[in-house]
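Asks: Encoded as structure tokens, here's the structure I'll be asking about.
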Amino acid sequence: MQIQARFAPILFSAILSAIMVSIVSAFVLLNTQGLHPGLPGQWVRSCLTIWPVAFPTVAIVAPVVRKLVARLTRQV
């Protein structure tokens, strides 16, 4: 199964935000609470709480950042 190319920006935002939320929430939980038996469940709840904010943020911010990077790296 392949997804149509027109959905690439949305798929990019979904995947990037899911990866970032997973890594950052795990890092924060481990640093603040350390390893404990309830950590996996807490980590999943944290990801599910944060991802609905991260996904639209990435979807909105990514095009702006791409344009900024293009301007900053434009060769004269």
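The values are calculated or read from the model by the stated rules, or taken from the named source; none is laboratory data. Keep in mind the model is a prediction, meaning the values are calculated, not measured. Cβ atoms come from the backbone with ideal geometry, glycine included; neighbour counts cover every protein chain shown. All accessible areas refer to the heavy atoms of the entire protein, side chains included, with ligands and DNA or RNA removed. Shrake-Rupley method; radii C 1.70, N 1.55, O 1.52, S 1.80 Å.
Asks: If you check Gln75 against the conditions, is it at pLDDT 95 or above and of a type in the set (S, T, N, Q)? Spell out how you get there, then give the answer.
Replies: Details: at pLDDT 95 or above: no; of a type in the set (S, T, N, Q): yes.
It is false that Gln75 is at pLDDT 95 or above and of a type in the set (S, T, N, Q).
Asks: Now for a different question. Test Ile50 against the criterion of being in contact with a Ser or Thr (Cβ under 8 Å, 6 or more places away or on another chain) and open to solvent by 70 Å² or more (accessible area, probe 1.4 Å), and give yes or no. Steps first, answer last, please.
Replies: Numbers: in contact with a Ser or Thr (Cβ under 8 Å, 6 or more places away or on another chain): yes; open to solvent by 70 Å² or more (accessible area, probe 1.4 Å): yes.
Answer is yes for this residue.
Asks: Report every pair of residues separated by at least 6 positions or lying on different chains whose Cβ atoms are under 6 Å apart, first residue within segment 17-30 and over 13 Å from Arg45 (Cα atoms) and in contact (Cβ under 8 Å) with a residue 12 or more places away in the chain, second open to solvent by less than 80 Å² (accessible area, probe 1.4 Å) and among the aromatic types (Phe, Trp, Tyr).
Replies: Ser17/Phe55
Asks: Cβ contacts < 6 Å: first residue on the phi > 0 side of the Ramachandran plot, restricted to segment 44-58; second residue of a type in the set (Asp, Glu) and open to solvent by 50 Å² or more (accessible area, probe 1.4 Å), any location; separation 6+ or different chain. Result?
Replies: Pairs found: none.
Asks: Working only within segment 66-76, note down all residues that are in a helix (DSSP H, G or I) and either open to solvent by less than 70 Å² (accessible area, probe 1.4 Å) or basic (Lys, Arg) (or both). Even if it seems obvious, please write down each step before you answer.
Replies: Initial filter on segment 66-76 (in a helix (DSSP H, G or I)): 66-73.
Across segment 66-76, the qualifying residues are Arg66, Lys67, Ala70, Arg71.
Asks: Another one. Which of the residues belonging to segment 29-43 are open to solvent by 70 Å² or more (accessible area, probe 1.4 Å), closer than 26 Å to Phe12 by Cα and of a type in the set (A, V, I, L, M, F, W, C)? So that I can check it myself, show each step before the final result.
Replies: The initial filter retains those residues of segment 29-43 that are open to solvent by 70 Å² or more (accessible area, probe 1.4 Å), namely 30-33, 35, 37, 40, 43.
Retained after the next criterion (residues that are closer than 26 Å to Phe12 by Cα): 40, 43.
Once the filter is applied, which keeps residues that are open to solvent by 70 Å² or more (accessible area, probe 1.4 Å), closer than 26 Å to Phe12 by Cα and of a type in the set (A, V, I, L, M, F, W, C), segment 29-43 yields only Trp43.
Asks: Answer yes or no as to whether Leu35 is modelled with pLDDT of 95 or more and in a helix (DSSP H, G or I).
Replies: Details: modelled with pLDDT of 95 or more: yes; in a helix (DSSP H, G or I): no.
Criteria not met by Leu35.
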